[in-house]
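Right, one structure below, let's go through it.
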Amino acid sequence: KEVPGYDKDLYACERTFVKSRDGKTEIPVSLVYRRDVLEKRNNEESIPTHLYGYGSYGASIEASFRAIRLPLLNRGMVYVIAHVRGGGENGRPWYEEPMGAKYLCKKNTFNDFVDVARWLTGEEHGNLELSTLVQPSIGKRITNSRNLSCEGRSAGGLLIGASMNQVPELFRAAILGVPFVDVACTMVDATIPLTVAEWEEWGNPNEEKYHDYILSYCPMNNVKNGAVYPSCLLTGGLFDPRVQYWEPAKFAAELRHSTSKDSGPIVLKMDMEAGHFSASDRYKYLKELAFDYAYLLDQLGLVL
């Protein structure tokens, strides 16, 4: 694919592995960056880093070339994908119980994401370290919590919400696109068209064992009262049939009500025409993406 003005020699990428907090599981991590950014690393400067994740339905997040990432890379950011459990990057065991992240082991998804974030910031917890299978990575301690942002969409929004609740001080900014953050209320209501089919992913909370477990990680039910949270951009679509518009709206209200006044701004952006996948028109999609990037760059102090 030819991209006008793109010089591949200016950029580099790598795949590495980070051990999870259990000391055994190796989490695949993909990084892409401009080569000249490493000069800051040599000067021991903290580099702005954006961490993306999904981790549900056995879906693999490929580390493929995307020209739309260049505006971030060209402003000195490192873009990182955490291939957390719940996806399909390492086959079905990466998704299914007991060692994956489905049903009653869903928290592995969130723990993996937080562990990768802690590895990036050097704030390791327990046994976190680089796998012995690979050469030392540029990613370890490349940033700090003041320069680390995160992003996820749909079930990835659940990942971001749960990860923020676990360690709110770890991130500077977060983007939650059409986020599935009210898991307990949605999954208990069988009148919602997609709920019954979704029990195959999360479990049926009308059964006590699933009810209690879902409540223990559902972002809506676990916001830390009085804690300092990162700035958040939550988006939704009025005609979204998968994650109804009230989920990001409720979560935004809960964050504004319960978190510390020292938290970052909580921004809710509702598209009154879109569904789950936002704009289908290419130019409107780029306009929406530009809004997300403008928010992100502003929060990280990278506006030129």
Open item on the list: Principal axis extents for the chain, Cα atoms only, whole Å, descending order, please.
Closed with: 54, 44, 43
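So which trypsin sites (Lys or Arg not before Pro) in the stretch 5-92 are both in a DSSP loop and have at most 13 other Cβ atoms within 10 Å of their Cβ?
Values: sites: K8, R15, K19, R21, K24, R34, R35, K40, R41, R66, R69, R75, R85; in loops: R21, K24, R66, R75.
Filter output for the stretch 5-92: K24, R66.
For the ranges 46-56, 204-214, what's the packing order if you count other beta-carbon atoms within 10 Å of each residue, average per peptide, and put the highest first? Numbers along the way, then the final one.
Values: 46-56: 23.9, 204-214: 15.7.
For the peptides 46-56, 204-214, the packing ranking is 46-56, 204-214.
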Task: Sites Y6 and L286 - FRET efficiency at Förster radius 22 Å, r taken between beta-carbons, to 0.05 - done: 0.85
Task: Under 18 Å from the R146 label point (7 Å along Cα→beta-carbon), backbone N, the stretch 285-304 - done: 297-303
Task: the chain - share of DSSP beta bridges that are antiparallel (%, nearest 5) - done: 40 percent
Open item on the list: Taking amide H atoms as placed 1.01 Å from N in the peptide plane, list the residues 5 or more away in sequence, or in a different chain, whose amide H sits under 5 Å from that of I27.
Closed with: V18, K19, S20
- [ ] List the relative contact order of the chain as a percent without decimals, with contacts defined as Cα pairs under 8 Å and 6+ residues apart.
- [x] 14 percent
- [ ] Measure off 7 Å from each Cα along the Cα-to-Cβ vector at R256 and R66, then give the distance between these two points in nanometres to one decimal.
- [x] 2.9 nm
- [ ] Could you work out which residue, out of D112, D22, D182, moves most in a Gaussian network model of the chain, that is, has the largest mean-square fluctuation with Cα springs under 10 Å?
- [x] D22
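Which loop-located trypsin sites (Lys or Arg not before Pro) does the stretch 225-304 contain, where loop means any DSSP state but H, G, I, E or B and the Cβ has at most 14 other Cβ atoms within 10 Å? Before the final figure, lay out each step's value.
On the way: sites: R242, K250, R256, K261, K269, R282, K284, K287; in loops: R242, K261.
Sparse-neighbourhood loop trypsin sites (Lys or Arg not before Pro): K261.
Could you work out the relative contact order of the stretch 1-126, using alpha carbon pairs under 8 angstrom and six or more residues apart, expressed as a whole percent?
Numbers: 214 pairs, mean separation 30.1, N = 126.
RCO, the stretch 1-126: 24 percent.
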Task: Share of alpha-carbon pairs per 5 Å distance bin for the stretch 1-44, given as whole % - done: 5, 16, 16, 17, 16, 14, 9, 4, 2, 0
Task: Fraction of accessible area attributable to carbon and sulfur, the chain (%, probe 1.4 Å) - done: 51 percent
Task: Principal axis dimensions, the stretch 90-232 - Cα atoms, whole angstrom, descending - done: 49, 36, 24
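Select from the stretch 61-123 those chymotrypsin sites (Phe, Trp or Tyr not before Pro) which occupy a DSSP coil region and have at most 15 other Cβ atoms within 10 Å, ordered by residue number. It would help to have the intermediate numbers written out before the result.
Values: sites: F65, Y79, W94, Y95, Y103, F110, F113, W119; in loops: F65, Y95.
Listed in order of number, the matching sites are F65.
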Task: Among E26, E89, E62: highest mean-square fluctuation, GNM of the chain, C-alpha pairs under 10 Å - done: E62
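Determine the relative contact order of the stretch 148-304: mean sequence separation of Cα pairs under 8 Å and six or more apart, normalised by residue count, in whole percent.
On the way: 287 pairs, mean separation 36.6, N = 157.
Over the stretch 148-304, the number comes to 23 percent.
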TODO: Return the calculated 222 nm mean residue ellipticity for the chain, to the nearest 500 deg cm²/dmol, obtained by summing -39500 (n - 2.57) across DSSP H runs with n ≥ 4 and dividing by the residue count.
DONE: -9000 deg cm²/dmol
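Work out, step by step, the length gained on full extension between N42 and I138: first 0.36 nm times the residue separation, then minus their alpha carbon distance; give nm to one decimal. Working shown, then result.
On the way: separation 96, 0.36 × 96 = 34.56 nm, distance 1.02 nm.
Working it through step by step, the gained length comes to 33.5 nm.
Could you report the stretch 1-156's accessible area per residue, 1.4 Å probe, as an integer in Å²?
Details: 7120 Å² over 156 residues.
Using a 1.4 Å probe on heavy atoms only, each residue of the stretch 1-156 averages 46 Å².
In nm, what is the difference between 0.36 nm times the number of residues separating M99 and N221 and their Cα-Cα distance?
Numbers: separation 122, 0.36 × 122 = 43.92 nm, distance 2.51 nm.
Fully extending the segment from M99 to N221 adds 41.4 nm.
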Open item on the list: Which residue fluctuates most in the GNM of the chain (Cα springs below 10 Å): Y229, Y245, Y293?
Closed with: Y293
TODO: At q = 0.12 Å⁻¹, what is the base-10 log of I(q)/I(0) for the stretch 164-291 according to the Debye formula with one equal point scatterer per Cα and no solvent? Please give it to two decimals.
DONE: -0.50
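The values are calculated or read from the model by the stated rules, or taken from the named source; none is laboratory data. Everything quoted here is computed from the prediction, not taken from an experiment. For neighbour counting, all protein chains shown are included, and Cβ atoms are generated from backbone atoms with ideal geometry for every residue, glycine included. Quick note on the areas: whole protein, heavy atoms, side chains included, nothing else; ligands and nucleic acids left out. Shrake-Rupley method; radii C 1.70, N 1.55, O 1.52, S 1.80 Å.
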